[in-house]
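These notes concern the structure reproduced below.
The values are calculated or read from the model by the stated rules, or taken from the named source; none is laboratory data. A quick note: this is a predicted structure, and the numbers were derived from the prediction, not measured. Backbone-built Cβ (ideal geometry, glycine too); neighbour counts: all protein chains shown.
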Amino acid sequence: MFKTISSAWRIPDLRKKILFTLLIIVVFRIGSVIPVPFLDATALRTLMNQYSGENFLAYQNMLSGGAFANATLFAMGVTPYINSSIIMQLLCVAIPALEALSKEGNEGRKKIAAITRYVTVGLGLIQGTAYYVFLRRSAIIVNDWKNGFPGVFSCAVIILAFTAGTAVMMWLGEQINTNGIGNGISILLFAGIISRISVLITSLVQYWQLAVNGQTKFFFFVPIFVVLFLFVIWLITFMNDAERRIPIQYAKRVVGRKMYGGQSSYFPIKVGMGGVLPVIFASSILSIPATINMFAKVETGFWGSFFKFFSTTSVGYMIIYFILIIMFAYFYTTIQYNPVEIANNLRTSNGTIPGIRPGRPTADFIAKILSRITLIGALFLSVIALLPLIFGKISTMGNLSLGGTSIIILVGVALDTVKQLESQIVMRNYKGKGFLD
């Protein structure tokens, strides 16, 4: 990785792209510390310290790099854009008009992107309003909206500031896509999560101090956490490139005096084709009960037991988490791959799978392979997502800032960005004057 970055740095236009990406990250981090006006900062810090567990607020704070807990300009982070992209992706499958639009080439994709932007701003407005209501109920707002015009003005400023921050984040990501390196939204998400590394280190130091002060069990659990952290990174790196290659044989055909075809190729199916999305979907759904309980504050009776069941230390929570990850992995594969369409494309291009008849048998064979590969990938994601929860329950080290979802995002974005750098280096040195020799 470092060799690739060093090689890219020696190419002038790639160096400009890298510097531009770093500049956008700096702007993003500056916006993440600019506070929104009319908020009591001291009361806000006290409030957010109470919500460090696995609920929607903690999840949102992790994705925003700590900006959410401080109610800064970029408090909404990239979550509205991610949700908007997922919604549009699902609608393109469910609504024929959007599906046709997505197949119209570059112009169709531009229209889909424009609709995604509008949906992002709308979701940012809704989410910003909900966050304002939460802050107002927690007595964080300096001027309540019931205090006449000053209160209404402060309400409008706070909500519009959150919404504007969402729009700016989206624009920064698109600028990276156009003039920088890597996927813009993924890079900003990566930068936000990596900023939490210092919090992780601080937590480990605090546990080590507890070990020195007499709680000797942490002499064992802190090194185990470090080893487990490195193992998870290695496992994600290994599985990121894992794929099942289906062999494809193309028939020979004569056109004029020339013969075409006859080559052998393969159709790759990645083991982790859904990426981190199944984990994000599952964790978002399971964070709803804990988030509701933040407002209801029920600790006894039936509902108290119900909300306790959905705490991250509950075995029931882990079982449901495991099941939801597998379900969403299959759901994502279903909307991404159509075995019948793949089989038809192969038949159109005179391609066949050795030993499998074209048409329906080919589609059934691909569907069977997809089902098996999806199960392996889903189990892999489940292990990565549940390891931190299981370790936290056993070791009582439950307030560490990076979980399985964060590590998958960090490693995945880093690997994808390095691959893009390598491909651009190869494109600029295709005559053999490679920097990677």
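Listed values, structure above:
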read-out: Long-range neighbours under 6 Å by Cβ, at least six apart or interchain, first residue more than 30 Å from T42 (Cβ to Cβ) within region 68-86, second surrounded by 24 or more Cβ atoms within 10 Å (Cβ to Cβ) and polar (S, T, N, Q); value: Y81/T120; S84/T120
read-out: Test: residue in region 303-315 that is touching a residue at least 24 places away in the same chain (Cβ under 8 Å) and in contact with a Phe, Trp or Tyr (Cβ under 8 Å, 6 or more places away or on another chain); value: yes
read-out: Subset of region 335-394 that is closer than 30 Å to T312 by Cα and among the polar types (S, T, N, Q) - its residue that is surrounded by the most Cβ atoms within 10 Å (Cβ to Cβ); value: T374
read-out: Residue in region 399-420 that is over 21 Å from the mean Cα position of the chain (by Cα) and at pLDDT 65 or above present; value: no
read-out: Residue among G165, G108 that alone is outside any strand (DSSP E or B) and without any contact (Cβ under 8 Å) to a residue 24 or more places away in the chain; value: G108
read-out: Scope region 319-353; condition assigned to a helix (DSSP H, G or I) and of a type in the set (G, A, S); matching residues; value: A329, A343
read-out: Residue within region 94-102 that is surrounded by 15 or more Cβ atoms within 10 Å (Cβ to Cβ), free of Cβ contacts under 8 Å to residues at least 12 places away in the same chain, polar (S, T, N, Q) and at negative phi present; value: yes
read-out: Residue list for region 157-213, filter: surrounded by fewer than 18 Cβ atoms within 10 Å (Cβ to Cβ) and under 20 Å from L14 (Cα atoms); value: E174, Q175, N177, T178, N179, N183
read-out: Identity of the residue in region 196-215, within 24 Å of S406 (Cβ to Cβ) and touching a helix residue (DSSP H, G or I) at 6+ places or on another chain (Cβ under 7 Å), that ends up modelled with the lowest pLDDT; value: R196
read-out: Among the residues listed as A43, A8, the single one being small (G, A, S), modelled with pLDDT under 90, surrounded by 12 or more Cβ atoms within 10 Å (Cβ to Cβ) and within 30 Å of S138 (Cβ to Cβ); value: A43
read-out: Among the candidates I356, I369, residue that is among the hydrophobic types (A, V, I, L, M, F, W, C), outside any helix (DSSP H, G or I) and closer than 16 Å to I248 by Cβ; value: I356
read-out: The one condition in (1) without any contact (Cβ under 8 Å) to a residue 40 or more places away in the chain; (2) part of a helix (DSSP H, G or I); (3) not small (G, A, S) that V33 fails to fulfil; value: (2)
read-out: Subset of region 295-313 [loosely packed, with under 15 Cβ neighbours inside 10 Å, modelled with pLDDT of 75 or more and not in a helix (DSSP H, G or I)]; value: T300
read-out: Failed condition for F331, given (1) under 19 Å from the mean Cα position of the chain (by Cα); (2) under 24 Å from I233 (Cβ atoms); (3) crowded, with 16+ Cβ neighbours inside 10 Å; value: (2)
read-out: Which listed residue, of A94, A67, is out of contact with any Leu (no Cβ under 6 Å at 6 or more places or on another chain), within 26 Å of I407 (Cβ to Cβ), at pLDDT below 85 and not basic (K, R); value: A67
read-out: Selected residue (criterion: farthest from T374 (Cα to Cα)) from residues of region 209-252 that are of a type in the set (A, V, I, L, M) and part of a loop (DSSP other than H, G, I, E, B); value: A251
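Matching residues to (1) touching a Leu at 6+ places or on another chain (Cβ under 7 Å); (2) closer than 19 Å to V33 by Cα; (3) outside any helix (DSSP H, G or I):
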| position | (1), (2), (3) |
| --- | --- |
| G77 | yes, yes, yes |
| E99 | no, no, no |
| G122 | no, no, no |
| V133 | no, no, no |
| V152 | no, no, no |
| I158 | no, yes, no |
